[in-house]
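Novice: Below are the structure tokens for one structure; questions will follow.
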Amino acid sequence: MIAGTYTWFSFTQRAINDRHVDLGFEEVGRLHDYFDEVSGNKDVFVENFGDAPILVRIKLLEYMEIDGVSMVQADPAAETDVQPLKADPTTWTPWIPAAAGNTVGDRVGPGAVFNSRARWTMGWQPRLATDGSGQLLDAPYYMPTFNHSRTDHKTAAAGDGRDWNWSGEEADTSASPNGTNAGADATGETHPGDGTDGYWNAGDTATSLLGTPPDTQSGTHTACQTVVQDQPVMLLSQWNALPVASRVGNFWVVDPQTGWAYWANLLFPGEATSFLLDQATFITSGLRGNVYYGIKVVPNMVANTDNTVNSFWSDDENHSDLAKTLIDEVRHGLPILGMMQPGDTFNLRNITYRYLENKGDGNHLVIANTPRFFVPTNTIEGVDSYNGSTVDLAAKNWYNNLPSVVKRQVQPVQTLFTGTGPEVAMPMATSPGGPTTTPAGLPWNGAAGFILDLNNPMFSQALREDFAEVDPNGEKKAFVLSVAEINKFSGPGQAFPTLASRQNAHHVRTRFNATHPWHLNGDSGVLGAWTALNNSVIFGGSPAFIIHDQDGAWTSGL
């Protein structure tokens with residue numbers, strides 16, 4: 001079934017889920033289209049309600065006529081080979097914008113005739129919540145879909161938006177005033193909300209408009225935020241000029257050859273894209289006659305497999321080669337760890353990581369680039385090593401709250417780390433100086449405070465050999481680095497080439513003695529142990545884990 005939305009104001013809006021080929025893939029994406037006829041607020045975005053990552057693209061098409069005459073006429077010289085017809089939305093004009101700074105501007109090509117009448121606001125900008133809380137939102141709230149049928153292509157149309165089928169007649173599965181899901185009484189509204197800007201806020205709840213299962217989920221849903229928009233809506237040429245590290249992220253990229261806007265990231269389960277369209281205002285001043293203006297929204301969502309992704313290019317559209325490059329980078333952009341060098345940073349689900357080491361067999365050691373928690377080394381009575389300590393539990397808790405799509409790629413390591421307790425106690429006192437000083441009495445290779453000489457007999461073998469390794473019988477978890485690991489990853493060509501590069505690590509899992517930990521100074525990156533910084537002092541912790549990247553292809557089968 002191909003569904004759509006319809007709104008009559010000064011213009012209409014349709015949203016349909018087109019399918020060009022039989023992909024053998026039950027869809028897990030839902031188009032949301034919220035519209036308010038008074039303000040012109042129009043929010044267009046996609047939610048993944050399934051259990052696997054998907055790739056998403058959206059095309060926006062327009063049609064306008066005055067007294068039955070289309071504003072766009074067939075003219076091969078003007079790149080309009082087909083006469084747009086109101087009754088056939090497949091003939092409508094694709095939205096093709098020009099570049100404007102780092103984002104998009106007015107339409108170009110045949111659609112330029114709409115610029116003076118249809119004013120669109122693309123993307124989403126931070127704004128205050130509408131609940132009076134004064135909270136500055138970095139992403140808008142929405143109500144997750146109640147329709148989890150993988151074979152139902154209805155849109156989530158709210159407010160003055162209406163879900164309509166291909167012919168423009170109201171879909172039989174829309175909500176209706178008498179509480180049923182079918183028949184002549186159907187209103188076409190398929191999703192709660194009034195379509196105004198900021199209708200949903202933190203803690204808001206709603207129930208379905210679509211009746212009873214199996215058409216819809218029963219019970220109450222709570223408003224969620226979309227992902228934070230990393231960059232404004234842009235053209236492929238602007239995307240191609242971005243640094244490589246910034247080319248995969250949460251933003252929309254438009255192919256000017258076809259009008260398809262591609263989500264520049266995999267859309268993970270439980271996530272919703274940022275808004276592609278945020279406002280659509282129609283200017284009526286000076287118009288005379290019977291005026292019609294319509295927007296058709298065509299989403300296309302596929303699984304992250306070769307067969308389904310190839311369907312993006314299986315039609316007769318003139319897809320840009322850069323569009324194919326973008327999709328390839330998205331598919332392999334989470335990330336291709338095997339191509340990284342020590343010290344490279346990358347973003348994964350809104351957390352920046354630093355690449356530490358290739359552990360072999362597709363496994364890679366990475367660390368959060370900034371502290372993710374702040375706790376003492378240990379305040380738990382009877383614990384004399386890293387295992388079971390306050391910082392160990394904090395790292396595990398942080399890991400437990402990671403998105404499932406990340407956690408299922410994390411590899412198990414040894415359940416208990418050796419070389420973190422009394423067996424590695426140093427035969428010397430902690431440094432009496434302040435934590436900004438370089439500890440005296442420790443052996444160094446080169447500059448004091450940077451790389452220890454672990455071959456010195458004052459260091460135990462257990463300390464020298466404390467490295468996290470993949471252990472199939474171990475535990476999936478995050479952990480802080482040991483002295484041996486920090487030493488290994490420091491120096492030219494390593495993940496921490498300078499003292500400054502490791503200022504954010506702080507917690508170390510190795511104990512200096514019973515009352516004091518080893519510690520990376522947050523101001524200088526110096527490694528040591530200071531009398532003033534005992535086990536009860538709160539430090540920041542940058543957790544690490546070993547992750548398997550499947551050669552960069554995070555597929556729906558994972």
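Conditions (1) at negative phi; (2) among the charged types (D, E, K, R); (3) not assigned by TED's automatic domain parsing to the domain that holds MET234, marked per residue:
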residue: LEU326; (1), (2), (3): yes, no, no
residue: GLN341; (1), (2), (3): yes, no, yes
residue: ASP344; (1), (2), (3): yes, yes, yes
residue: ARG354; (1), (2), (3): yes, yes, yes
residue: GLU357; (1), (2), (3): yes, yes, yes
residue: GLY362; (1), (2), (3): no, no, yes
residue: ASN369; (1), (2), (3): yes, no, yes
residue: PHE373; (1), (2), (3): yes, no, yes
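Novice: When SER246 is evaluated against the numbered criteria (1) surrounded by fewer than 17 Cβ atoms within 10 Å (Cβ to Cβ); (2) of a type in the set (Ser, Thr, Tyr); (3) at pLDDT 95 or above, which criterion, by number, is the only one it fails?
Specialist: (3)
Novice: Right, another one. Select from the stretch 318-358 the residues that are modelled with pLDDT of 85 or more, over 22 Å from LEU267 (Cα atoms) and touching a strand residue (DSSP E or B) at 6+ places or on another chain (Cβ under 8 Å) and list them in ascending order.
Specialist: MET340, GLN341, PRO342, GLY343, ASP344, ARG354, TYR355, LEU356, GLU357, ASN358
Novice: Take the residues in the stretch 429-460 that are buried (at least 17 other Cβ atoms within 10 Å of the Cβ) and outside any loop (DSSP other than H, G, I, E, B); name whichever of them is nearest to the chain's Cα centre (by Cα).
Specialist: Among those that are buried (at least 17 other Cβ atoms within 10 Å of the Cβ) and outside any loop (DSSP other than H, G, I, E, B), it is LEU452.
Novice: One residue is enough: does the stretch 164-177 have a residue meeting the conditions within 21 Å of ASP43 (Cβ to Cβ), surrounded by 14 or more Cβ atoms within 10 Å (Cβ to Cβ), at pLDDT 55 or above and touching a strand residue (DSSP E or B) at 6+ places or on another chain (Cβ under 6 Å)?
Specialist: Yes, because at least one residue in the stretch 164-177 is within 21 Å of ASP43 (Cβ to Cβ), surrounded by 14 or more Cβ atoms within 10 Å (Cβ to Cβ), at pLDDT 55 or above and touching a strand residue (DSSP E or B) at 6+ places or on another chain (Cβ under 6 Å).
Novice: Only residues that are in a helix (DSSP H, G or I) and among the polar types (S, T, N, Q): list them for the stretch 293-346, please.
Specialist: Scanning the stretch 293-346 gives ASN307, THR308, ASN310, SER311, THR325.
Novice: Every residue in the stretch 62-83 that is modelled with pLDDT of 90 or more and either out of contact with any Pro (no Cβ under 6 Å at 6 or more places or on another chain) or of a type in the set (Ser, Thr, Tyr) (or both), please.
Specialist: Answer for the stretch 62-83, where residues must be modelled with pLDDT of 90 or more and either out of contact with any Pro (no Cβ under 6 Å at 6 or more places or on another chain) or of a type in the set (Ser, Thr, Tyr) (or both): GLU62, TYR63, MET64, GLU65, ILE66, ASP67, GLY68, VAL69, SER70, MET71, GLN73, GLN83.
Novice: Could I ask something else about it? Among the residues of the stretch 521-552 satisfying the criterion of being surrounded by fewer than 17 Cβ atoms within 10 Å (Cβ to Cβ) and among the hydrophobic types (A, V, I, L, M, F, W, C), which is farthest from VAL366 (Cα to Cα)?
Specialist: So, considering only residues that are surrounded by fewer than 17 Cβ atoms within 10 Å (Cβ to Cβ) and among the hydrophobic types (A, V, I, L, M, F, W, C), the one farthest from VAL366 (Cα to Cα) is ALA532.
The values are calculated or read from the model by the stated rules, or taken from the named source; none is laboratory data. Predicted, not measured: the structure shown is a model, and the values here were computed from it. When we count neighbours, we look across all protein chains shown, and the Cβ atoms used for this are built from the backbone with ideal geometry, even at glycine.
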